[in-house]
Amino acid sequence: MRRTFLGAGLALLLTVTACSGPEPTAAAGPTPAGTPAGTPTASRQDAAEADRTLASLRRVDDLPMWEMTFVGDYDPTVGTDAAPPSPFGCSLFAASGDPSRPLFARNFDWEANPALVLRTDPPDGYATISLVDMSYLGVGADPTGDRRLLNAPLLPFDGMNERGLAVGLAADDGATVRAEAGRPTVGSVRILRLVLDQAATVDEAVAVFGRHNLDFDGGPPLHYLLADATGASAVVEFVDGTMRVEKGRGGWQALTNVPVIGVPEERRRTDHRYGLLAAALAKTGGVVDDRAALELLNDVRQGHTRWSVTYGLRTGEIHLRTATGTDRRYRLPVTLP
């Protein structure tokens, strides 16, 4: 599963939006030298790698946004988890009307916390770029030297991997989960890390969901949007305790904070943000570039939208716009099937 992408981890610390769900406290992983006693961490870094990671931290925006390179490996099954308060909403869509340039886009709407765009490249998983709310790590406005940042890989709120697979989450107050015997239980944010590390396609991502029980305790229940470089997309929801999946059709798929599976399209569009996204994407047949996508995200932004981001699923291009109006671009080399 080793990729061609070289590089360790980059992280932006952005202020995050409350579309995400809970993460129960997990057992602590290996503790790098110099980590305060009692601080759980999933880091598998040696002391030098941990120090290089923290030394790379730099502030790039007044959000505040930070960047950091994560050097070394981590255990995605252990470490810190956190439960957010009630959500304010999020907006996501996948657009594949132009099969040569499929795109994933999202607004993250939450409180004004520092946040992180994180680049990871574990030896046993795919390279990724993802966005992390630093407050979930217990990190404050000045994270310099804070070794809790070494848990940043565990809590992505959206992201894309080097195979062009993207995933994002949003609150869904009606979702319920029922544990299935024999499956490990993971937090509802942690599952994104497992998907990004392990899945190259929407079908593989759905299979990762299917191998785990999710824990919604302590925070809002969630639903998820997936998309990949082939133009495939899917919504994953939990209806009456059971995981349900709806594949995208017609060149686009959208998600806000209302259920979509089993709900007629006309009724979905009564939600203001979903209705705006659906009307615009249907008009273009799902053909949008990153700038048009950001304009559409701007149409559904709220006063607490912390960032808007687009992921080019075949190009690897990422266009991030923060609540302060700063635009930043990143590129994750994508290896196509």
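Coordinate-derived values only; no laboratory data. The model shown is predicted, which means the values in this text are computed figures rather than measured ones. With ideal geometry, Cβ positions are generated from the backbone for all residues, glycine too; neighbour counts draw on all protein chains shown.
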Multiply the residue gap between Arg59 and Ile261 by 0.36 nm, knock off their C-alpha separation, and tell me the result in nm, one decimal place.
68.7 nm
Please give the peptides 291-298, 265-272, 101-108, 122-129 ranked by average Cβ packing (other Cβ atoms within 10 Å per residue), highest first, as a rough proxy for protection.
101-108, 122-129, 291-298, 265-272
With +1 on each Lys and Arg Cβ and -1 on each Asp and Glu Cβ, and nothing else charged, work out how big the dipole of the chain is about its Cα centre, in Debye to the nearest 20.
540 debye
Ellipsoid equivalent to the range 47-327 - semi-axes via the Cα gyration tensor, in Å:
27, 22, 18
In Å and from the alpha-carbon atoms only, list the Rg and Dmax of the range 119-228.
14.2, 43
What number, rounded to the nearest 500 deg cm²/dmol, is the helix-based mean residue ellipticity at 222 nm of the chain, given -39500 (n - 2.57) per DSSP H run of at least four residues and division by all its residues?
-4500 deg cm²/dmol
What's the ranking of 53-59, 274-280, 65-71 by average number of surrounding C-beta atoms within 10 Å, highest first?
65-71, 274-280, 53-59
Quick check: residue separation of Asp240 and Arg52 times 0.36 nm, minus the Cα distance between them. What number comes out in nm?
63.1 nm
Furthest towards positive pole of dipole, Gln198, Thr256, Ala279, structure part the range 47-327, Cβ charges
Ala279
Most exposed first by the Cβ proxy, i.e. fewest other Cβ within 10 Å, how do Ser135, Ser233 rank?
Ser135, Ser233
If you rank Tyr330, Tyr311 by fewest surrounding Cβ atoms within 10 Å, what's the result?
Tyr330, Tyr311
If one puts a single equal scatterer on every Cα of the range 215-308 and applies the Debye formula without solvent, what log₁₀ I(q)/I(0) results at q = 0.16 Å⁻¹?
-0.75
